[in-house]
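Heads up: the structure comes next, in structure tokens.
The values are calculated or read from the model by the stated rules, or taken from the named source; none is laboratory data. Model, not experiment: these values are computed from the prediction. Cβ sites come from the backbone with ideal geometry, for glycine too, and all protein chains shown count toward neighbours.
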Amino acid sequence: MQRLGFIHDMMDVKVLILFVMSKVSYPVTIQQIYELCYQDDCLSYFDVCTAVPEMVTSRHLQPLENDCYEITEKGRADGSLTQDSIAFTVRQRAENAVARFNRQIRRSSFVKTQILERESGDFSVIMALDDEMGNLMTLELLAPNQRQAVRLGRLFEKKAEIIYNLTMAELLEDEEEADF
């Protein structure tokens with residue numbers, strides 16, 4: 001029976017990994033490599049777990065701390081030579097997955113939350129929104145328990161820009177009225 005999909009052997013797995021790694025802007029774990037490369041039903045997690053150490057040995061990938069990997073110059077050069085062999089639909093889906101991943105990681109570097117227990121037994125949730133130039137806003141809220149503190153932190157991570165924009169609009173609204 002003929003095998004469908006792009007992945008037919010270990011070389012196809014490595015070509016796809018090189019393609020994805022050349023597009024990723026941040027170091028990634030094997031799990032993240034698998035998730036970004038899983039654009040073809042013929043790819044398995046075990047294929048990626050086999051390919052990555054081989055690619056480290058061949059110096060196409062470089063291991064970093066925290067079990068992360070990044071592409072080497074050799075990997076980038078070899079990947080640019082082989083990326084045309086990737087099926088168009090697989091390549092498009094992989095590019096889209098990497099773009100989403102890069103946006104998510106970049107955004108998470110600008111949104112920070114920290115939960116501190118206070119002497120009184122309640123919790124302070126310190127939430128910050130930064131951009132490339134520095135801090136835009138730091139907000140500290142009191143939460144009566146840890147559960148609510150964690151929830152506030154998670155919701156801020158999802159809605160940081162909305163909170164910032166609403167705060168700015170609300171504060172500047174009175175200023176616009178005073179200018180007239």
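Within the bounds of segment 75-88, is there any residue that is loosely packed, with under 13 Cβ neighbours inside 10 Å and of a type in the set (D, E, K, R)? Within segment 75-88, one or more residues are loosely packed, with under 13 Cβ neighbours inside 10 Å and of a type in the set (D, E, K, R). Exactly one residue out of 62, 39, 31, 83 is under 29 Å from residue 157 (Cβ atoms) and either over 19 Å from the mean Cα position of the chain (by Cα) or not in a loop (DSSP other than H, G, I, E, B) (or both): that is 31.
Screening residue 163 with (1) under 30 Å from residue 51 (Cβ atoms); (2) outside the structural domain of residue 49 (by TED's automatic domain parsing) gives one miss only, at (1). Against the conditions (1) without any contact (Cβ under 8 Å) to a residue 60 or more places away in the chain; (2) more than 17 Å from residue 35 (Cβ to Cβ), residue 82 satisfies every one except (1). Within segment 14-28, track down each residue that is in a helix (DSSP H, G or I) and either crowded, with 19+ Cβ neighbours inside 10 Å or among the basic types (Lys, Arg) (or both). Result: 14, 15, 16, 17, 18, 19, 20, 21, 23.
Contact map, segment 119-142: first residue closer than 19 Å to residue 162 by Cβ, second residue among the charged types (D, E, K, R) and assigned to a loop (DSSP other than H, G, I, E, B), Cβ cut-off under 9 Å, separation 6 or more or different chains; the map is empty. Restricted to segment 39-65, and to residues there that are of a type outside the set (Gly, Ala, Ser) and modelled with pLDDT under 90, the residue that is nearest to residue 25 (Cα to Cα) is 65.
Residue count for segment 18-62, restricted to those that are without any contact (Cβ under 8 Å) to a residue 60 or more places away in the chain and under 12 Å from residue 90 (Cβ atoms): 7.
Table: residues versus (1) of a type in the set (Gly, Ala, Ser); (2) surrounded by fewer than 13 Cβ atoms within 10 Å (Cβ to Cβ).
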residue: 91; (1), (2): no, no
residue: 100; (1), (2): no, yes
residue: 113; (1), (2): no, no
residue: 125; (1), (2): no, no
residue: 133; (1), (2): no, yes
residue: 150; (1), (2): no, no
residue: 153; (1), (2): yes, no
residue: 160; (1), (2): yes, no
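Looking across segment 29-60 at every residue that is among the aliphatic types (A, V, I, L, M) and over 12 Å from residue 71 (Cβ atoms), the one that is surrounded by the fewest Cβ atoms within 10 Å (Cβ to Cβ) is identified as 30.
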